[in-house]
Amino acid sequence: MRSPVPFSLLISDHQVFAPRYLPMFGFPVSARAEIRFLCSASLVVTTICLAMSGCGQTRGHLAKSQSKGISSEERALRLEVARVHEQEGRYDKAERALEDLQTQSPDSAEVLHRLGVVMVRQGQIEEGMDNLLQAVALDNQNLLYLNDLGYAYLTIGDLEAAEGIFRDALQISAKDPRTTNNLALAVGYQGDITEAFMLFRRNMSEGEALANIAYIHTQRGELDEALARYSEALDRDPTLKNAADAMIQISSIQKRMDQNPTQSKIARQTTDSEGFQSPIELTNGVQPESTR
């Protein structure tokens, strides 16, 4: 049984999975700021999605049943208003709007899902997970809800639970690239690099997959392995500029650590790495046609 590595993630405004607190073991304090730049430049995947930003897609995702005291049209309009608040960073207003809407639409999986997403984004993990769990209970075939629930488990460091959720989602849509890549990260962070690579390869070139494996090694503090994988990635695809930049940054970090043996022996610990970008974030509520 693989041991979970505690870390949590920051939702990015970009369509990529974006962590806030990632496992960066064995790094001296002086190296962490450089690692932030490294990881923001090193990831190749841009198709994996748990995307939080709101959008005008609400009308296509009305709840299956009409709630008491509110029409589906009004619910859709109010959801869209909440999404605008969310997209523009007014999370407190989005949360209040969604909580008010949820009291009038207690059976709406969509409202519960969005409320859960907003809460997770604000760091209210326990409350957010509760809403996401309720949304999944109401619609357990929804890939968006399952991926966001898996994300929430990642934020509390329960990698095995996240892996299970992503595997459940793949049972619904075996070729969904977002789910496949999220699962690759979940198993990769637990140390199953072989399976992570095989999963990445389903949706991208060998060079891109190797670069993502290198990224996972970086987050696990395995800098020598990261350098080797980035080098292989560039051998396969010399146009991967992010991989080349990442190698330069890793080499610089290693040099500084070698020059200060005391710092290089600092105990392993999870570090605040805000600004990193990785292949995970929350969904924007837009389902692929095949899952609607």
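No lab work stands behind these numbers, since they all come straight from the coordinates. These numbers were taken from a predicted model, which means no experiment stands behind them. Here Cβ is always computed from backbone atoms with ideal geometry, including for glycine, and neighbour counts include all displayed protein chains.
Using Cβ point charges alone (K and R +1, D and E -1), the dipole size of the range 123-175 about the Cα centre works out to roughly 300 debye. Rounded to the nearest Hz, the phi-derived 3J(HN,Hα) couplings of the range 240-246 under the Karplus curve 6.51 cos²θ - 1.76 cosθ + 1.60 (θ = phi - 60°) are 6, 4, 4, 5, 5, 4, 5, where x marks glycine and proline.
Given the C-alpha centroids of the range 84-123 and the range 153-175, what is the distance between them in whole angstrom? Computed from Cα coordinates, the inter-centre distance equals 23 Å. Here r is the Cβ-Cβ distance between GLU195 and GLU127 and R0 is 45 Å; the resulting FRET efficiency, rounded to 0.05, is 0.85. Among ILE248, ILE125, sorting on how many other beta-carbon atoms sit within 10 Å of each Cβ, with the fewest leading, yields ILE248, ILE125. Spin-label model, ASN140 to ASP235: label points 7 Å out along the Cα-to-beta-carbon direction sit 4.6 nm apart.
Could you tell me the calculated FRET efficiency between ASN260 and ALA228, based on Cβ-Cβ distance and R0 = 30 angstrom, to the nearest 0.05? Computed FRET efficiency for ASN260 and ALA228: 0.80.
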